[in-house]
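Asker: The structure's right below; bear with me while I get my questions together.
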Amino acid sequence: MEQLHDGRIFSVDDLCKELGRSGRTVRRIIEELCREGAPIESELRSGNKKYFYIREEKRRSALTHTLNFKEDEVLALWVAIQAARSALAPTPLLAPLDSAFSSLRTVLSKQSESFHIPNQAQHWHFGSAPSVQLDPEVFNILRKAIAERQSVRFDYNAASSGAESKNRKVDPYSFALRGTTWMLVARCHTKSKKLDFALADISNVRLCDPKEEQAYFDFPEDFDLDLHFRDRFNALAGGKPYVVRLLVEKDRVRYFRRKLYHPTQQIEEEHGDGRIVVSYEVVGLHEIRSFVQGWGVGVTVLEPEELVGMIKTEADQLVSRYEY
């Protein structure tokens, strides 16, 4: 029941694995819970398999016990909320977050002797991330679809390439915030692979109707969000993989030694003059091009040739604009 109230969706087979019981026992447990008034519902989904769930509006809050926080926990919670406000500002979740924090403030203030919440605004600043305001309807429909594993259709106009697609069907896996861009990670039925879609570029979204088509999907057990994003500098999925090698000048080396700019960062060579060669395994070149350009003359691209050409072309155009 705790997991159902947390939004989990189970088939009988899933529950057999979770509880270590037979299918017959699982069905008996569900029947008993329903007789006792538990708001469990069922639905036939992919492969005519019955799934059990609790609708979002009927789920109870997990915070049913008295809250007791230590001093540093109060501080950590307050700081986390302020950081979250910055990240959630473009989404419809900002108002619910503020409302929830308002309810917690009285409890937190009473449990902290030296921690005065109003004074903390002077000690922490997260700013506002520059991001496009998201359409609340698009966001909320996708949130529901992710929670209930329901396929959706939408129109998509990719700002980066200008490509347009209508009535695109996808299985939505999760939201992701990469840099300042909110994304939807989903399996695209048109291309038969997992892709990222910028939420700001999605419009006319609607849930697939089970009466007209296959409307529900099974979440892949081997899908890992961390692995999905591992090889990218905030780029959208679906690009070509590359190994990028950069020559870092002596006065910039200390930054690459003390900070990992990407999970695949490796120092491959150390030159006698103090320079180093750093490599990355990435998907797509657009984002790492911006990363390289941000270092100016402190970093030189050694390979691949495509990236070298992109940097040279843009540098030539820049020089021509200032020739007067």
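The values are calculated or read from the model by the stated rules, or taken from the named source; none is laboratory data. Note that the coordinates shown come from a computational prediction; the quantities given were computed from them, not determined experimentally. Quick reminder, even Gly has a Cβ in these numbers, built from the backbone with ideal geometry, and neighbours come from all protein chains shown.
Asker: Could you run through the range 286-305 and say how many residues are touching a Phe, Trp or Tyr at 6+ places or on another chain (Cβ under 6 Å) and among the hydrophobic types (A, V, I, L, M, F, W, C)?
Answerer: Looking only at that region, the number is 2.
Asker: Being modelled with pLDDT of 75 or more, surrounded by 14 or more Cβ atoms within 10 Å (Cβ to Cβ) and either assigned by TED's automatic domain parsing to the domain that holds Glu213 or more than 29 Å from Ile202 (Cα to Cα) (or both) narrows it down to one of Val107, Val79, so name that one. Step through it out loud before you land on a result.
Answerer: Numbers: Val107 fails: modelled with pLDDT of 75 or more.
After ruling out the rest, the residue left standing is Val79.
Asker: From the list Lys166, Lys194, which residue is free of Cβ contacts under 8 Å to residues at least 60 places away in the same chain and surrounded by 14 or more Cβ atoms within 10 Å (Cβ to Cβ)?
Answerer: On inspection, the qualifying residue turns out to be Lys194.
Asker: Can you pull out every residue in the range 7-26 that is surrounded by 14 or more Cβ atoms within 10 Å (Cβ to Cβ), charged (D, E, K, R) and either part of a helix (DSSP H, G or I) or touching a residue at least 60 places away in the same chain (Cβ under 8 Å) (or both)?
Answerer: Correct list: Asp14 only.
Asker: Scanning the range 157-191 for residues that are outside any strand (DSSP E or B) and farther than 19 Å from Gly284 by Cα, which turns out nearest to the chain's Cα centre (by Cα)?
Answerer: Restricting attention to the range 157-191, the residues satisfying the condition of being outside any strand (DSSP E or B) are 158-163, 179-180, 189-191.
Right, trim to farther than 19 Å from Gly284 by Cα and you get 189-190.
Values: His189: 20, Thr190: 22 Å.
So, considering only residues that are outside any strand (DSSP E or B) and farther than 19 Å from Gly284 by Cα, the one nearest to the chain's Cα centre (by Cα) is His189.
Asker: Moving on. Give the number of residues within the range 192-203 that are more than 14 Å from the chain's Cα centre (by Cα) and either farther than 17 Å from Val132 by Cα or of a type in the set (Phe, Trp, Tyr) (or both).
Answerer: Number satisfying all stated conditions: 2.
Asker: Out of everything in the range 7-21 that is under 16 Å from Glu41 (Cβ atoms) and of a type in the set (D, E, K, R), what residue ends up being modelled with the highest pLDDT?
Answerer: Asp14
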